[in-house]
Structure formats: C-alpha cells, structure tokens
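I have placed the structure first, in the form of structure tokens, so that the comments after it can refer back to it.
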Amino acid sequence: MGVSFYNFNDLHHADFKAIVKERIENIIDNNAFVEGEFNAAFEKEFAEKQKAKHCLLLANGTDALEIALVVHGIKHGDKVGVPGITFYATAEAVLNVGATPVWVDIDPLTGTLCPQSLERVHQKHKLSAVMPVHIYGLPCDMDAINSFCQKESIPVIEDAAQAQGTFYGEGKPVGSSSNLVTFSFYPTKNLSAFGDAGCILTDDSELAKKVVVQRNHGRGDEQAMGRNSRCDHMQAAVLHAKLPEIDKYNNMRKVVAEKYHKALANLPVRTLPEKYICLSSWHLYPVQLESVETREKLMNFLRENEIGCTPFYERAMSQEPALSGYEGEDENAVNFAGKTLCLPIHPFVSDSDIEEVAGKISEFFNS
Ligand SMILES: *Cc1c(COP(=O)(O)O)cnc(C)c1O
C-alpha cells in the first residue's frame, strides 16, 4: 500500500512516449536543437489556451520572473512586493536583478497575497512592482490587486508557476489578465517538460519584444544586453505533446481535490475554501493543522505509513535564513507556513488512495 506524492509513470504512458521519441529523432536528424518548430507551435497554442496575445518560451520559471522584472525596468534600489508564502524563486528573482523584496502578508484562509496588506505595504515602502503568486494553484484576488495597482501605476507580475489549470473566474484562465504572467514547466509542475523550461505570457507587444531580446543575449536591440534563456527544442516538443491531454489531467486533479474535501470534512484538518474546487489547478493539496507540533507529528506518522506528504512551505519567506532582514508584513504568513502540510495530489490519485490517506489521518487523531 502507501500513496506516493508524484506519479510520472502514468503521465508518461506508452503512447505519449512514442510521440516524444519520434519527435526527438526528428530533432536529431534535422539538427534543430534550440528554438525550433515546436517552440513556435507551443507558443501559439499556449497563448491561445491561456487567452493571452503572446507566449515567450524561456529556459525556466525563475528566468521568467527575472526577465519580467527586467523588461519592466526594475533595478537596484527598487522595492518589489513579494508574498510572505511562496517558493524561494520569487524572492530570489527580485534579488538577482538587484532590487529588494518587501514582504506582503497573505490571506489566512488561502495563503495568497492579501490586497489590504499590499495597500499598507505600498503606502509605507513605495513599491516599484508586485509579484502575486498563485500558490498551490489558488488564484490570487486579482480584481482587488489589479485595481489598486492600476490606480497606483504599479506593474504586476503574476507568478503562475503552480497555476497552469487555474482560473481567475469562469472562462478566465490565468494569463488572461493582461499582466506579465510567468510559468515554470519544471517536471513536477502541472504542465511539465523533461527538464527545465518556463514562459512569460503578455498582451503587451512592446514588452513581448523586449522578452525576446532578453532571452537571446540582447540580439535584436543594439542598446541591450540580455542573457541566454532560450528554450531547448526538445523541451518545447515535449510540452507541445502534452498540451492535448492537460485539461483532462487538470480536471482529474479537481476531482481528487473534491473527494479529499469530502473525506476530510469531519477531521481536525482545515482544507482550502470549497469555492476554489473549480478555480484552482490543485498543483498541491495543503491542509492546515492546529499547531506546528501537530504538523510535525502528523507528517512523521503519514511518512511511516508510506504516505508522501511535504510541508510546503515549512517557513515564511521572512524566516528563511538566506532572506532575513527584509521589511514588510508577515504575521499571517508565519502562522500559515508553520501549520501547513501538503497531501499527495496528482491526476492518478485513486479513490482507495484517498480512503487510505483520510483513514490514516483519522487513525492519527483517534489514537
Ligand atoms: C517552481 C516555482 C518557481 C521556479 O521555477 P523554476 O522553473 O524551477 O525556475 C517559481 N515560483 C514558484 C511559485 C514555483 O513553484
């Protein structure tokens, strides 16, 4: 028995592998190693799917965040709002362009950036940009964030690394906001390459041109220096081959999340609000325990029973040793991070897996 945190074997089934093998053979025969036909095909289809004008493939999701900051002109001396709970890459990108992260607190029920905290932090620190993260796959409150940022002329960069399959609302996929929206296609993400890849979505043709210049050493603009963040043709071929199945897999995750919600309803774990069942990509399935101590004990108990679970994110950003000393608000983030445990979620979690996970959690609390 046991339930694993990831399942790549069912995702990369024989028919899919056959398509990829054929594509890779063609890539080798045609010597088309970077930025080939599948890059262009993926960019076109992914932009259409997420309802954005442009998609620019890049080498990874962290580069996407950094390049988004660079094309918005963010530089040394600028302050950028970063949510108190995210994966380090969001804050790392800010530091890598020479700017300073300022923590914005999170909503205690969802873990996503709190618009009221953003207003307070901006008043005090005068932000040059803000980076809401659709953490776990939950959409941030973009209506509130966008209307405040438009009023204050603050560029918004959405970190959607965990949010392929997320919707702001019905018929509005993440990427359709006209902000710069960044994705990672790291192997564990909902839409994933066989290595590293990422992209930026935007409706702004001028910013899109700048991204193209940035990803290829500044070529195309004599005044600009850039970097190498081109996406390998092989990764683009894999991503393009996955597109036809991605909605099916994201819907399977939603069904798993709904079943977890029901199975856990009478246990002392707090699940994310019900209204996100259809909106979230369910990249992760976090539950909140009553204390840090309970989180640690439950995590150990589940792992002893071969149930994969991970404390994403173990600490708030402000508590990371490498990120200490930056200002902002973080009270809810510290509280939320300490009590969160993520249960196994992927498209192939079965009914009996859910029963086993819920059964073990029940056993933990009743023994
Ligand atoms: C994975 C992830 C990233 C970084 O993506 P890479 O492709 O690993 O560089 C950035 N932000 C968040 C929220 C992520 O989950």
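All of the numbers you see were taken from the coordinates with simple rules; none came from a lab. Everything quoted here is computed from the prediction, not taken from an experiment. Virtual Cβ from ideal backbone geometry, glycine too; neighbours counted across all protein chains shown.
Structural remarks
- In the set 258, 296, 245, 304, only one residue is among the acidic types (Asp, Glu) and either touching a Cys at 6+ places or on another chain (Cβ under 7 Å) or under 23 Å from residue 112 (Cβ atoms) (or both); that residue is 258.
- Residue 227 vs. criteria surrounded by fewer than 20 Cβ atoms within 10 Å (Cβ to Cβ), within 16 Å of the ligand (Cβ to nearest atom), more than 19 Å from the chain's Cα centre (by Cα) and not hydroxyl-bearing (Ser, Thr, Tyr): yes
- Qualifying residue in region 1-19 (condition: of a type outside the set (Asp, Glu), surrounded by 15 or more Cβ atoms within 10 Å (Cβ to Cβ), part of a strand (DSSP E or B) and in contact with a strand residue (DSSP E or B) (Cβ under 9 Å, 6 or more places away or on another chain)): yes
- When residues in region 77-112 are screened for being touching an Asp or Glu at 6+ places or on another chain (Cβ under 8 Å), away from the ligand (no atom under 14 Å from the Cβ) and either of a type in the set (Lys, Arg) or in contact (Cβ under 8 Å) with a residue 60 or more places away in the chain (or both), 6 of them pass.
- When residues of region 185-224 are limited to those that are among the polar types (S, T, N, Q) and under 17 Å from residue 167 (Cα atoms), the one farthest from the chain's Cα centre (by Cα): 202
- Selected residue (criterion: nearest to the ligand (Cβ to nearest atom)) from residues of region 193-207 that are crowded, with 22+ Cβ neighbours inside 10 Å and touching a residue at least 60 places away in the same chain (Cβ under 8 Å): 198
- Condition met for residue 126 (out of contact with any Gly (no Cβ under 8 Å at 6 or more places or on another chain), charged (D, E, K, R) and closer than 22 Å to residue 206 by Cα): no
- Within region 111-137, the set of residues being in a helix (DSSP H, G or I) and either of a type in the set (Ser, Thr, Tyr) or under 19 Å from residue 288 (Cα atoms) (or both) comprises 117, 135, 136, 137.
- Scope region 63-94; condition touching a strand residue (DSSP E or B) at 6+ places or on another chain (Cβ under 7 Å), among the aliphatic types (A, V, I, L, M) and under 22 Å from residue 216 (Cα atoms); matching residues: 64, 65, 67, 68, 69, 74, 94
- Filtered by the rule that a residue be surrounded by fewer than 20 Cβ atoms within 10 Å (Cβ to Cβ) and part of a helix (DSSP H, G or I), region 79-110 gives 92, 95, 96.
- Pairs with Cβ under 6 Å, 6+ apart, first in region 143-154 and under 16 Å from residue 131 (Cβ atoms) and touching a residue at least 12 places away in the same chain (Cβ under 8 Å), second surrounded by 19 or more Cβ atoms within 10 Å (Cβ to Cβ) and not acidic (Asp, Glu): 144/115; 145/115; 145/132; 149/156; 154/127; 154/130
- Within region 80-122, tally of residues that are of a type in the set (D, E, K, R) and closer than 20 Å to residue 315 by Cα: 3
- Any hit, region 39-51, residues being in contact with a Gly (Cβ under 9 Å, 6 or more places away or on another chain) and in a loop (DSSP other than H, G, I, E, B): yes
- Residue match in region 169-183 (condition: farther than 15 Å from residue 66 by Cβ, buried (at least 24 other Cβ atoms within 10 Å of the Cβ) and near the ligand (Cβ under 9 Å from one of its atoms)): no
- Residue that is among the acidic types (Asp, Glu), within 30 Å of residue 95 (Cβ to Cβ) and over 20 Å from the mean Cα position of the chain (by Cα), where the choices are 320, 258, 304, 329: 329
- For beta carbons closer than 6 Å, sequence separation of 6+ or different chains, a first residue in region 40-64 that is at positive phi and away from the ligand (no atom under 16 Å from the Cβ) and a second that is of a type in the set (A, V, I, L, M, F, W, C) and outside any loop (DSSP other than H, G, I, E, B), there are no qualifying pairs.
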